[in-house]
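The values are calculated or read from the model by the stated rules, or taken from the named source; none is laboratory data. This one's a predicted model, so the numbers in the text were calculated from it and none came from an experiment. Heads up, the Cβs are rebuilt from the backbone with ideal geometry, glycines too, and the neighbour counts pull from every protein chain shown.
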Amino acid sequence: MKIIFSKQRESYLSSGRKAFVTLISVLIAGAVGLVIGVTLILLSLNNGAASLVEEQSAQARGLADLCAEDALGKIKADPNFASSSDETIDYNLSFGDCESLVSASGSYLRTVKSTGTVKGTVRRVQADVDQILPNIRLASWQELGDF
């Protein structure tokens, strides 16, 4: 009977070790799963913020282009627009602002510097006009980091 008791005790200890190993394995797998889940959540939040900045940047560029095109329209309507002094055009919209500065550097040469701003994101374009009459002709249209 003593032998049976030893085998039972040995079987009980062996099953206790198996349970402990299983418990540790489950805890490790759960920790790894938790780390992966948190990482995925943080990555998705980061991507969402980057998408918002990209959208604001595109809107700011659109506003800068809008103000520059409006300034060119004013030059076309009045060839003397900004011929004697610099002229500023401002628009304040619900989602952002834009401003253009038109300056002359000769009888029919104009430079249009336009800035679009959406929630702190700024984009700038510059258009150089080398002919006004009979039609406006652009020498360049480029985005700039700063004027």
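A quick yes/no check of all residues on (1) part of a strand (DSSP E or B); (2) touching a helix residue (DSSP H, G or I) at 6+ places or on another chain (Cβ under 9 Å); (3) at pLDDT 95 or above:
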position: Glu54; (1), (2), (3): no, no, no
position: Leu66; (1), (2), (3): no, no, no
position: Phe95; (1), (2), (3): no, yes, no
position: Val122; (1), (2), (3): yes, yes, yes
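Does Phe81 satisfy being surrounded by fewer than 16 Cβ atoms within 10 Å (Cβ to Cβ), more than 17 Å from Gln59 (Cα to Cα), aromatic (Phe, Trp, Tyr) and over 20 Å from the mean Cα position of the chain (by Cα)? It is false that Phe81 is surrounded by fewer than 16 Cβ atoms within 10 Å (Cβ to Cβ), more than 17 Å from Gln59 (Cα to Cα), aromatic (Phe, Trp, Tyr) and over 20 Å from the mean Cα position of the chain (by Cα).
Just wondering, is there one or more residues in segment 35-56 that are of a type outside the set (Val, Ile, Thr) and in contact with a Gly (Cβ under 9 Å, 6 or more places away or on another chain)?
Yes, that holds for at least one residue.
Taking the criterion of being over 20 Å from Gly120 (Cα atoms) and acidic (Asp, Glu), the residues of segment 61-78 that qualify are Glu69, Asp70, Asp78.
In summary, Ser100 fulfils each of the numbered conditions (1) closer than 17 Å to Trp141 by Cα; (2) assigned to a helix (DSSP H, G or I) with the single exception of condition (2). Of all residues in segment 84-138, those satisfying the criterion of being small (Gly, Ala, Ser) and surrounded by fewer than 18 Cβ atoms within 10 Å (Cβ to Cβ) are Ser84, Ser85, Ser94, Ser103, Ser105, Gly106, Ser107, Gly120.
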